[in-house]
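Since every read-out is calculated from the coordinates, none of them should be taken as a lab result. Nothing here was measured: the structure is a model prediction, and the numbers come from that model. Don't worry about glycine lacking a Cβ; one is built from the backbone with ideal geometry, like all the others, and counts go over all protein chains shown.
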Amino acid sequence: MALKGRLEDFGITQLLNLINLARKTGTLYLETGGDSAELSFREGKLIYATMAGVDSSLPAILQQAGIFNPEQVQVIRAKMASKTDREIAQTLMTGKRLQPKDVAKSVREHILGLVYQVFSWNDGSFRFEPSKLPPSGTVNASIALESVIMEGSRRLKEWERLQDELPDLDISLKFAERPTTPLRDINLSVEEWRVISFINPRNSIRQIAQFNNMGELQIRKIVYSLIQAGVVEVIRPPRPTAAASGTARAGAGQAAPVSDEMRRPAVKRGIVQKLIHRIREL
């Protein structure tokens, strides 16, 4: 019999503790708002995860991990369209294009990335289906839940703090005219450089995150660190005037413009190159 309930009454941490202690095998279905996720377990170990709107196929996971670029993934999909993820992995490993350790690491990080997101879900519904396992042919992991629960709880606290510091992802950023941190002291990670390359008043933080396949926690951490370092500043939207409000009401019946989220964010390469050049001169 399936276990059902509300996340308001029985939270993610409690559910994972129950599955861990009872060494349960099955799939946990979660829904909150317009989002949904599926977490699968075997004898209390996390083996698989998927989320609505997220491509959890192996080629997509390998692209997200930086092992293959989009063009290579497109070729893999075209040549192996009829193969399962497990068969794709086996073919790539046999052809020496992929190492087993890279598959295991990439799949593990993808699964954990999805699971850590659901820790912030505090309302909605859950359903646990005993003995229900992922589709055959998927590439699974085996992750101890004790470490997942500890790290998820830590991230939840960090998530709540970053939400307070940076509540809106639909705002834009610009480079600070006078950085508070000397350029010689700036040591950016690859992910931070990727974000910086899209800093532009036309790009929202959410757009930058989507194009770089970053979750909300990761993009908030990076943007907050850049703001704290004085490298970038938030662009505050101007207060709407009475005339603007009247115009908005008058145009209420008009078709909405194409969403910016559907467009590729603009790259501010000129500023990035200047920043790199200044750092090299130090």
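For the reader, a short list of remarks on this structure follows.
- Taken over segment 67-98, the criterion of being within 22 Å of the chain's Cα centre (by Cα) and within 19 Å of residue 140 (Cα to Cα) is satisfied by 67, 85.
- Residues of segment 81-120 that are outside any helix (DSSP H, G or I) and buried (at least 18 other Cβ atoms within 10 Å of the Cβ): 98, 119.
- Residue match in segment 146-161 (condition: closer than 23 Å to residue 211 by Cα, surrounded by 12 or more Cβ atoms within 10 Å (Cβ to Cβ), touching a helix residue (DSSP H, G or I) at 6+ places or on another chain (Cβ under 8 Å) and not basic (Lys, Arg)): yes
- Residue satisfying all of: in segment 53-62; more than 17 Å from residue 96 (Cα to Cα) and of a type outside the set (A, V, I, L, M, F, W, C); surrounded by the fewest Cβ atoms within 10 Å (Cβ to Cβ) among these: 53
- Count - residues of segment 123-150 that are over 15 Å from residue 36 (Cβ atoms), of a type outside the set (S, T, N, Q) and within 21 Å of the chain's Cα centre (by Cα): 7
- Within segment 121-171, being over 30 Å from residue 81 (Cβ atoms) and in a loop (DSSP other than H, G, I, E, B) holds for 121, 122, 123, 124, 131, 166, 167, 168, 169, 170, 171.
- Test: residue in segment 19-30 that is surrounded by 15 or more Cβ atoms within 10 Å (Cβ to Cβ), assigned to a helix (DSSP H, G or I) and out of contact with any Leu (no Cβ under 6 Å at 6 or more places or on another chain): yes
- Residue 16 vs. criteria crowded, with 17+ Cβ neighbours inside 10 Å, in contact (Cβ under 8 Å) with a residue 40 or more places away in the chain and over 18 Å from residue 86 (Cα atoms): yes
- Count - residues of segment 201-231 that are buried (at least 20 other Cβ atoms within 10 Å of the Cβ) and within 14 Å of residue 174 (Cα to Cα): 7
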